[in-house]
Amino acid sequence: MAWRGGFAVTVAAPADERLARAGVLRRLLIRPELGAVVGALVVFAFFATQSPVFRSVDGVANWLDPAATLGIMAVAVALLMIGGEFDLSAGVLTGTSGLVLVTLATRYGLNVWLAMAAGLVVALAVGLVNGLVVTRTRLPSFIVTLGTFLMLQGVNLGVTKALTGTVQVSGLARADGYEVARAIFGGTIVIGGTPFRVAILWWIGLTVLATWVLMRTRAGNWIFAVGGNDQAARAVGVPAARVKIGLFMTTAVAAWLVGSMMALRYTSVQANIGIGQEFIYIIAAVIGGCLLTGGYGSAIGAAIGAVIFGMADKGIVFLGWDADWFKFFLGAMLLLATLANRLVRRYAEQVRH
Amino acid sequence: MILETREIGKSFGSVLALRGVSMRVEPGSVTCVLGDNGAGKSTLIKILSGVHRHDSGEYLLDGVPTVLDSPRQALDLGIATVFQDLAMIPLMSVWRNFFLGSEPRRSLGRFDVAAARRIAREELRAMGIDIRDVDQPVGTLSGGERQSVAIARAVYLGAKILILDEPTSALGVKQAGVVLRYIVRARQRGLGVVFITHNPHHAYPVGDRFLLLNRGVSLGEYAKEEIALQELTTLMAGGAELEQLEHELRSQ
Ligand SMILES: Nc1ncnc2c1ncn2[C@@H]1O[C@H](COP(=O)(O)OP(=O)(O)OP(=O)(O)O)[C@@H](O)[C@H]1O
Ligand SMILES: [Mg+2]
């Protein structure tokens, strides 16, 4: 305790000398992404020792791809979770955005870029509605976005069936502007003789951007604050509702980006795509150190959480195991990470130095 | 800035939380608001700080009738409030909390992190607040340290009126003493302080004026010269009731 002096004079000793005693180890331990980093190293070591393909450059390019598309979503979802909210509609919204893109470009003859813009408008509208309903009604976002999740699921299937008579729309490759859009959002680039998906660059770029926003901007401070205690934040003048609505819209933009990437890559979209993914995003964010209660977490952690998934997803295939083991792995990682994070946070909160 | 209320009132549905309360806060003085649980203290300061809107009477700032729409507006006018349970965000570091809502900015909305750390450290030291590491989460501070940081923050951010809701009620004797010292220091810096408490022993040493509330109505506003600690205590407990209680206890 710092108040040894009590009523008497409190001595303001030089801060530097006391800072030195704070402990480097403890500083490292209270970083939210620590658990994810350790987990990623363990998972990498596990697969790399058993599968030469896994540790080859081609292998790395291979498992970074699912890590990237999941990671873009996980980073956005992490920001939202740090801000104290969930979005269960994020997965199915990737499908909605892709369906809008392919449907408008193939059945209504729109240029790919215009169709993408329309998809963005739809996604932003969904994010705005999620945000407005949550902030206005103060209902838990879990329930509100569960509602939008089910509604979008219905719309995706209903509209697709009504228009095509099937459960998919396809033929995007024939639309105007496809080649360029695909190169930017769905293509590959060759680095040192190995083709990498451009999604990986998007993912890295967005992780860096999200981290910068969180740590170095006023908006970042507000995100932590509204998630930590939104009434306290409001009381010191933080526009809590605007911050939360912004976060829902950010998640929606990420869903649009990933949905468009997938549509451009495969030239078709299944009407049921993205369903069930919303939990994987949340799990990646939690492995990355986000608290379910909000106010704590990191974008880099979520990105690393996505790497763990990418490695497990492909690693299990490389080892020739049944893909069903992926689900087991998913659950085990979630439990371990949550326990580790809880221990770390208790330690950070309780030790008064 | 002079803050004044005239016959101010507020009801929640059928609950009359506050009726006809008049008070005055001047620069460089401490106005204490005393009252038992449910007396309407929090309701009063929530009106002063823009959380609730009053529905009768007048709220005057420098003599001008004012209606506040939000805590933000109150802050912009120089009225800062430290709410009892809402003082700080526990998982955020001291310096992030210190500037929350008023972050020093550089271009592109960048939060000037280096300046924030340095200023937080300097300001806390200038107020004589002994925090080792401004990077530690506020949740690791003691209750008194937390209140002290919140007070230093309001003073630094240029508050002219500082409102404190029961800053000492959850604290031990020593810690309460520390907070009382910061209240005095804020007054010395020329702030008008509104200090809410239900403990006359905390209020009397630092207060210049005392407003007594009971069941939503004012029992009067007294200057320090007009009232002694004993009277204050008796009034607060509802005089006759306390005597009754004493009587009952003695006869057992
Ligand atoms: N938002 C509200 N809705 C309905 N009634 C309320 C509301 N806020 C306060 N009240 C009522 O108004 C009365 C005064 O409450 P207030 O919180 O102002 O008391 P207080 O003096 O701060 O008490 P304490 O010492 O317990 O903090 C109480 O009867 C309370 O139930
Ligand atoms: Mg109260």
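The values are calculated or read from the model by the stated rules, or taken from the named source; none is laboratory data. Just so we're clear, the structure is a prediction, and the values are computed from it rather than from any experiment. Note that we place each Cβ from the backbone using ideal geometry, even for glycine, and neighbour counts take in every protein chain shown.
Total residues in segment B:110-124 satisfying the condition of being more than 7 Å from chain A (Cβ to nearest Cβ) and touching a strand residue (DSSP E or B) at 6+ places or on another chain (Cβ under 7 Å): the figure is 1. Note on segment A:270-353: enclosed helices (runs of 4 or more DSSP H) holding 2 or more residues that are modelled with pLDDT of 90 or more are A:277-287, A:299-318. Answer yes if at least one residue in segment B:142-160 is of a type in the set (S, T, N, Q) and either within 11 Å of another protein chain (Cβ to nearest Cβ) or in a loop (DSSP other than H, G, I, E, B) (or both), and no otherwise. Scanning segment B:142-160 turns up at least one residue that is of a type in the set (S, T, N, Q) and either within 11 Å of another protein chain (Cβ to nearest Cβ) or in a loop (DSSP other than H, G, I, E, B) (or both). All conditions but one from (1) closer than 27 Å to residue B:233 by Cβ; (2) more than 10 Å from ligand 1 (Cβ to nearest atom); (3) surrounded by fewer than 16 Cβ atoms within 10 Å (Cβ to Cβ) apply to residue B:37; the one that does not is (2). Within segment A:220-231, identify whether any single residue is within 14 Å of chain B (Cβ to nearest Cβ), surrounded by fewer than 16 Cβ atoms within 10 Å (Cβ to Cβ) and aromatic (Phe, Trp, Tyr), and answer yes or no. No, segment A:220-231 contains no residue that is within 14 Å of chain B (Cβ to nearest Cβ), surrounded by fewer than 16 Cβ atoms within 10 Å (Cβ to Cβ) and aromatic (Phe, Trp, Tyr).
Taking segment B:125-140 as the range and being under 21 Å from residue A:229 (Cβ atoms), more than 7 Å from chain A (Cβ to nearest Cβ) and of a type outside the set (Asp, Glu) as the test, the residues that pass are B:134, B:136, B:138. For segment B:156-166, the set of residues classified as over 14 Å from residue B:31 (Cβ atoms) and either within 16 Å of ligand 2 (Cβ to nearest atom) or of a type outside the set (Phe, Trp, Tyr) (or both) consists of B:157, B:158, B:159, B:166, listed by residue number. Scanning segment A:161-198 for residues being assigned to a helix (DSSP H, G or I) and either touching a strand residue (DSSP E or B) at 6+ places or on another chain (Cβ under 6 Å) or not hydroxyl-bearing (Ser, Thr, Tyr) (or both) gives a total of 15. Of the residues in segment A:93-110, at least one is touching a helix residue (DSSP H, G or I) at 6+ places or on another chain (Cβ under 6 Å), touching a residue at least 60 places away in the same chain (Cβ under 8 Å) and over 15 Å from residue A:170 (Cα atoms). For residue B:136, the test of being closer than 19 Å to residue B:120 by Cβ, within 16 Å of ligand 1 (Cβ to nearest atom) and either in contact with a Ser or Thr (Cβ under 9 Å, 6 or more places away or on another chain) or among the hydrophobic types (A, V, I, L, M, F, W, C) (or both) is failed.
Selection of segment B:167-224 for residues being part of a loop (DSSP other than H, G, I, E, B) and of a type in the set (Gly, Ala, Ser) yields B:169, B:170, B:172, B:190, B:207, B:216. Cβ-Cβ contacts under 6 Å between residues 6 or more apart (or on different chains), taken from a first residue in segment B:208-220 that is touching a residue at least 40 places away in the same chain (Cβ under 8 Å) and farther than 19 Å from residue B:165 by Cβ to a second residue that is assigned to a strand (DSSP E or B) and more than 15 Å from ligand 2 (Cβ to nearest atom), are listed as B:217/B:19.
For segment B:157-175, which residues satisfy the criterion of being within 16 Å of ligand 1 (Cβ to nearest atom) and touching a Gly at 6+ places or on another chain (Cβ under 7 Å)? B:170, B:171, listed by residue number. The listed residues are B:133, B:76, and the only one of them that is assigned to a helix (DSSP H, G or I) and away from ligand 2 (no atom under 16 Å from the Cβ) turns out to be B:76.
Number of residues in segment B:79-109 that are more than 16 Å from ligand 1 (Cβ to nearest atom), more than 8 Å from every other protein chain (Cβ to nearest Cβ), under 23 Å from residue B:166 (Cβ atoms) and not in a helix (DSSP H, G or I): the value is 2.
Summed over segment B:29-65, residues that are within 14 Å of chain A (Cβ to nearest Cβ) and more than 14 Å from ligand 2 (Cβ to nearest atom) total 1.
Scanning segment B:9-32 for residues that are within 16 Å of ligand 1 (Cβ to nearest atom) and either closer than 15 Å to residue B:79 by Cβ or more than 18 Å from the chain's Cα centre (by Cα) (or both) yields a count of 13.
Of the residues B:162, B:171, B:191, B:108, the single one that is of a type in the set (A, V, I, L, M) and within 30 Å of residue A:209 (Cα to Cα) is B:108. Would you confirm, using the coordinates I've provided, whether residue B:212 is surrounded by 14 or more Cβ atoms within 10 Å (Cβ to Cβ) and farther than 19 Å from residue B:1 by Cα? In short, yes. A count restricted to segment B:171-199 and to residues that are surrounded by fewer than 22 Cβ atoms within 10 Å (Cβ to Cβ), farther than 13 Å from residue B:147 by Cα and within 16 Å of ligand 2 (Cβ to nearest atom) stands at 2.
Residues in segment B:49-66 that are more than 23 Å from residue B:13 (Cβ to Cβ) and outside any strand (DSSP E or B): B:62, B:63, B:66. Away from ligand 1 (no atom under 16 Å from the Cβ), out of contact with any Phe, Trp or Tyr (no Cβ under 8 Å at 6 or more places or on another chain) and not hydrophobic (A, V, I, L, M, F, W, C): is that true of residue B:112 in this structure? Criteria met by residue B:112.
Restricting attention to segment B:35-44, the residues that are hydrophobic (A, V, I, L, M, F, W, C) and modelled with pLDDT of 90 or more add up to 1.
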